[in-house]
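Working notes, structure below.
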Number of protein chains: 2
Amino acid sequence: MPPKPLDHESLNENVKKVAYAVRGELYLRASELQKEGKKIIFTNVGNPHALGQKPLTFPRQVVALCQAPFLLDDPNVGLVFPADAIARAKHYLSLTSGGLGAYSDSRGLPGIRKEVADFIERRDGYPSNPDLIFLTGGASTGVMQMLNTIIRNEMDGILVPVPQYPLYSAAISLYGGSLVPYYLEEEANWGLDINSLRQSVAHARLKGINVRAMVIINPGNPTGQCLSKTNLRELLKFCFEENLVLLADEVYQQNIYQDERPFISARKILLGMGPPMSKEVQLVSFHTVSKGYWGECGQRGGYFEMTNLPPETVDEIYKVASISLSPNVAGQIFLGLMVSPPKPGDISYLKFTAESKGILDSLRRRARMMTDGFNSCRNVVCNFTEGAMYSFPQIRLPPKAIEAAKKAGKVPDVFYCIKLVEATGISTVPGSGFGQKEGVFHLRTTILPAEEEMPAIMASFKKFNDEFMEQYEDYRGYSRM
Amino acid sequence: MPPKPLDHESLNENVKKVAYAVRGELYLRASELQKEGKKIIFTNVGNPHALGQKPLTFPRQVVALCQAPFLLDDPNVGLVFPADAIARAKHYLSLTSGGLGAYSDSRGLPGIRKEVADFIERRDGYPSNPDLIFLTGGASTGVMQMLNTIIRNEMDGILVPVPQYPLYSAAISLYGGSLVPYYLEEEANWGLDINSLRQSVAHARLKGINVRAMVIINPGNPTGQCLSKTNLRELLKFCFEENLVLLADEVYQQNIYQDERPFISARKILLGMGPPMSKEVQLVSFHTVSKGYWGECGQRGGYFEMTNLPPETVDEIYKVASISLSPNVAGQIFLGLMVSPPKPGDISYLKFTAESKGILDSLRRRARMMTDGFNSCRNVVCNFTEGAMYSFPQIRLPPKAIEAAKKAGKVPDVFYCIKLVEATGISTVPGSGFGQKEGVFHLRTTILPAEEEMPAIMASFKKFNDEFMEQYEDYRGYSRM
């Protein structure tokens, strides 16, 4: 019998090539252990509400009212909802063409795209055009659509930072392109070295790869750095010289845990550089309600904004977005609320501000606790999480541990992370899922476990790690040299 | 200067090849007219809430409470929400891992996939396995994922009914496969002729196309027919003999407007045929909350169920679904509610049933009004809408109209539909967007305009059409022959 069309050997090879570590081997092992009754701390995905973060009250009130518009006529509605939430629900319903149950325009509701444009203008100091903003079901959908638009065949290359968030490697495989890695410098706090970037491009071109786009993740995932103005200027100049589209993943722009290096958008730097660059460099930037202090991952709301793309290209992107009709409307409203939160004087302003500040201050403390915790462990070194939601410590595995991993048929950091979850219930992602330099090992964990549980988690990590190192280290070991 | 990566000439050619008529030229023209102040009746998309259909109260209450879980502790909650909605909200929140703000498993919440499996078992009389059900952001997302999994290159062919819903042609273009058309028989009430299907496959194979899958849309979009048991048995046997995956678009299964030919799922027929077929034919079926009497398009909730797919393939599909993390959780809960609506004895049962019946009865009357209306027009013939949400009348354009269209540089049915929207505000989709036999012209309209407006809409259509025919017809005209 010949194989059937959906037998494994018959599938699209690009589908099979996709690797997605965030929900890979470690996640599956952790899920098994959970079924067996073990308490698992899922720090593999940046999923704040799953680890106990409470939703912000005001946006939830507004969207609940939009879901139940019949409440707006209920004489008792004022007993359970504040007046400004009621007013905002009416506002957003007026932007829809039939409430949350109607498809919107495939680019998203025009009124909300206008609110996003106003937000971008306030943030960057340059006007933004709502026609160049498309709302999406989370940032990932937008990234995938842009990569599908850019990649024509396996000779089209996309520059991706290493370590990287595996959305990029997975989507590039799926659409049949080539990932061209450029390495972030761990010793320079995961900064970007423009010379190494140049080498990556030169190396790819030697192999015949047509390098067409460059991805940056700022603040970094999994690496947590905020790119400096200098770095951003250099890389934009590089994109101009090398004729690359810049894809700027800026989903963590509200997650900043230090004051020296605030978030600056690639667009603000680009437009500040003036012509010809400000008129020439093609830039697409991505944002979401899943991150920030909102953490509304399950709502699937996001947007991308296009700079210097010609109208015919925007039309093509619109057409392809139309195939899946429209992003979910409640997610669009969350996005509207994120870019236009309560203002001073609104009834809900103080509560909203207190809740937001509470979350951000706690994340800042947790970023510090986690970095310090890792740096107190034997053979572990960790850069401070300047932004985003992750800690990415380097684990200096002794040669004997590497040998043991090989015997077990595992990549060394996978071996370590599986032992970790089995011993402590802490479910992380091995550094190999993000890419790392040869012979260097990491793991990624989110900084999201509840603050009050953090000391116990770090103590449990330290106990496991130090015993692991004790077990596999000897006097000739790597880390003592 | 060389073109930039996102200049039109540099884009992925497959993106450019995509055609998507439902939001194409006619929709854009209608949107323009609306901006100019003309009242437009958008019947181009099956979007019931946009045309005034009210949401069902109970599911909206449940999801509103899930969005605002803090209300569950509010002493006043009972003043605005019934007790069974409160109980159901608690039930669904207990199935999540952190409420609506947390990503779910990429396949959807296990508890809701179980509810879907129970629904399928009640519907078909055969058990269904929740591990083979994936929740999606609307059915379109699922269809696109399956086509991306099947299509390897331009020699992979997918059998698609003509006329078809352009999701299929668009997604096949986007993923670089070949659409292999098979024609539905307008004279046989849009039934499927197995001999013509055989010819389509033979013809494609002669061209070297590897036909791998067959799409059916049952009830039909845009054609409105319900496939008979005999038709379903024949086509399943055909898939078995020809080694084809069957993709069964069954999103209109609740939209049935006659009693002679109820909806029967492809799966029920397949499993009833016994081995070897019931064990061998690979089948994926799709459903959604966007259609039925729910019409919750903007919520983006759907699922697909896989039959006879090997576990390694299911794993690959799971992996690819993981890249975009998870479908929106509120949409998943709508799906759960759709497959397990209030039961007799529940507080909300009578209200829910009355609302549902009101919508379905009205759709049935509208289907009849529309068919009768079209059939009363000069040179228009129209099959009855047995199911789904569309009317697809054939417009017998006189030769002079076809000439006039050519002069205007338009496809004849596009010419007619543009004149129609300009004269009446009725925004339809030309038949050429769905495919039709050479020299035969149609348009698609939804049956969704409000029932009380239907007589005026059909009168306005008749006036336009009959005047149009008067203008372009002469005694040697096609329709008088």
Filtering segment A:76-85 down to residues that are in a loop (DSSP other than H, G, I, E, B) and surrounded by 20 or more Cβ atoms within 10 Å (Cβ to Cβ) yields A:Phe81
* To do: May I ask you to verify whether B:Ser278 is more than 12 Å from chain A (Cβ to nearest Cβ) and modelled with pLDDT of 95 or more?
  => yes
- prompt: In this structure, is B:Lys268 closer than 30 Å to A:Pro2 by Cα, part of a helix (DSSP H, G or I) and out of contact with any helix residue (DSSP H, G or I) (no Cβ under 7 Å at 6 or more places or on another chain)?
  reply: no
Filter segment B:37-79 for residues that are within 24 Å of A:Ser97 (Cα to Cα) and among the aromatic types (Phe, Trp, Tyr); the one that is farthest from the other protein chains (Cβ to nearest Cβ) is B:Phe58
In the set B:Ala19, B:Ala30, the lone residue that is modelled with pLDDT of 90 or more and outside any strand (DSSP E or B) is B:Ala30
Considering residues that are surrounded by 23 or more Cβ atoms within 10 Å (Cβ to Cβ) and outside any helix (DSSP H, G or I), the number found within segment B:54-69 is 3
The number of residues in segment B:354-395 that are in a loop (DSSP other than H, G, I, E, B), surrounded by fewer than 21 Cβ atoms within 10 Å (Cβ to Cβ) and of a type in the set (Ser, Thr, Tyr) is 1
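Residues checked against (1) farther than 24 Å from B:Val281 by Cβ; (2) more than 11 Å from every other protein chain (Cβ to nearest Cβ); (3) assigned to a loop (DSSP other than H, G, I, E, B):
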{"position": "B:Ile317", "(1), (2), (3)": "no, no, no"}
{"position": "B:Val320", "(1), (2), (3)": "no, no, no"}
{"position": "B:Pro327", "(1), (2), (3)": "yes, no, yes"}
{"position": "B:Lys343", "(1), (2), (3)": "yes, yes, yes"}
{"position": "B:Lys351", "(1), (2), (3)": "yes, yes, no"}
request  = Would you be able to say whether some residue in segment B:383-391 is outside the structural domain of B:Ser460 (by TED's automatic domain parsing), more than 30 Å from A:Ala139 (Cα to Cα), within 23 Å of the chain's Cα centre (by Cα) and among the charged types (D, E, K, R)?
outcome  = no
Q. Is there a residue in segment B:86-99 that is buried (at least 21 other Cβ atoms within 10 Å of the Cβ), hydrophobic (A, V, I, L, M, F, W, C), more than 30 Å from B:Val284 (Cβ to Cβ) and out of contact with any Leu (no Cβ under 7 Å at 6 or more places or on another chain)?
A. no
Among the residues of segment A:212-231, the number that are under 30 Å from A:Pro262 (Cβ atoms) and not in a loop (DSSP other than H, G, I, E, B) is 8
For B:Ser348, the lone unmet condition from (1) out of contact with any Ser or Thr (no Cβ under 8 Å at 6 or more places or on another chain); (2) surrounded by 16 or more Cβ atoms within 10 Å (Cβ to Cβ); (3) within 15 Å of B:Pro55 (Cα to Cα) is (1)
ask   = With respect to B:Ala30, is the statement that it is more than 9 Å from chain A (Cβ to nearest Cβ) and under 23 Å from the mean Cα position of the chain (by Cα) true?
value = yes
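Could you please let me know if A:Glu250 is more than 14 Å from every other protein chain (Cβ to nearest Cβ) and at pLDDT below 95?
For A:Glu250, the condition - more than 14 Å from every other protein chain (Cβ to nearest Cβ) and at pLDDT below 95 - is not met.
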When restricted to A:Gly142, A:Gly157, A:Gly177, A:Gly137, the only residue in contact with a Lys or Arg (Cβ under 6 Å, 6 or more places away or on another chain), within 13 Å of chain B (Cβ to nearest Cβ), buried (at least 18 other Cβ atoms within 10 Å of the Cβ) and on the phi < 0 side of the Ramachandran plot is A:Gly137
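Conditions (1) in the same structural domain as B:Leu420 (by TED's automatic domain parsing); (2) farther than 18 Å from B:Lys90 by Cβ, marked per residue:
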| position | (1), (2) |
| --- | --- |
| B:Tyr20 | yes, yes |
| B:Gly24 | yes, yes |
| B:Gln34 | yes, yes |
| B:Thr43 | no, yes |
| B:Pro48 | no, yes |
| B:Lys54 | no, yes |
| B:Phe58 | no, no |
| B:Ala68 | no, no |
The condition of being in contact with a strand residue (DSSP E or B) (Cβ under 9 Å, 6 or more places away or on another chain), under 19 Å from B:Pro222 (Cα atoms) and among the basic types (Lys, Arg) holds, among B:Arg364, B:Arg368, B:Arg300, only for B:Arg364
Scanning segment A:223-235 for residues that are closer than 20 Å to A:Val162 by Cβ and out of contact with any Phe, Trp or Tyr (no Cβ under 7 Å at 6 or more places or on another chain), the one farthest from the other protein chains (Cβ to nearest Cβ) turns out to be A:Ser228
Picked from segment B:1-16 (must be facing another protein chain (nearest Cβ under 7 Å) and in a loop (DSSP other than H, G, I, E, B)), the residue nearest to the chain's Cα centre (by Cα) is B:Asn12
When restricted to B:Arg261, B:Arg267, B:Arg233, B:Arg300, the only residue in contact with a Leu (Cβ under 7 Å, 6 or more places away or on another chain) and either at negative phi or surrounded by 24 or more Cβ atoms within 10 Å (Cβ to Cβ) (or both) is B:Arg267
Going through segment A:396-420 in order, the residues found to be more than 23 Å from the chain's Cα centre (by Cα) and either touching a residue at least 40 places away in the same chain (Cβ under 8 Å) or not assigned by TED's automatic domain parsing to the domain that holds A:Asn383 (or both) are A:Arg396, A:Leu397, A:Pro398, A:Pro399, A:Lys400, A:Ala401, A:Ala404, A:Tyr416, A:Ile418, A:Lys419, A:Leu420
Those residues of segment A:281-305 which are more than 30 Å from A:Pro449 (Cβ to Cβ), part of a strand (DSSP E or B) and either away from chain B (no Cβ under 14 Å) or of a type in the set (A, V, I, L, M) (or both) amount to A:Leu283, A:Val284
Flagged in segment B:396-412 as in a loop (DSSP other than H, G, I, E, B) and of a type in the set (Lys, Arg), in numbering order, are B:Arg396, B:Lys410
In the set B:Gly142, B:Gly108, the lone residue that is not in a helix (DSSP H, G or I) and not hydrophobic (A, V, I, L, M, F, W, C) is B:Gly108
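Suppose the filter is within 10 Å of chain A (Cβ to nearest Cβ) and part of a loop (DSSP other than H, G, I, E, B); does B:Ser97 pass it?
yes
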Within segment B:100-134, restricting to residues that are closer than 27 Å to A:Gly301 by Cβ and of a type in the set (Val, Ile, Thr), the one that is surrounded by the most Cβ atoms within 10 Å (Cβ to Cβ) is B:Ile112
Selection over segment A:73-105 where residues are within 29 Å of the chain's Cα centre (by Cα) and of a type in the set (Lys, Arg) yields a count of 1
Flagged in segment A:180-211 as surrounded by fewer than 15 Cβ atoms within 10 Å (Cβ to Cβ), in contact (Cβ under 8 Å) with a residue 24 or more places away in the chain and assigned to a loop (DSSP other than H, G, I, E, B), in numbering order, are A:Gly208
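The values are calculated or read from the model by the stated rules, or taken from the named source; none is laboratory data. Just so we're clear, the structure is a prediction, and the values are computed from it rather than from any experiment. A quick note on method: Cβ atoms are made from the backbone with ideal geometry, for glycine too, and the neighbour counts reach across all protein chains shown.
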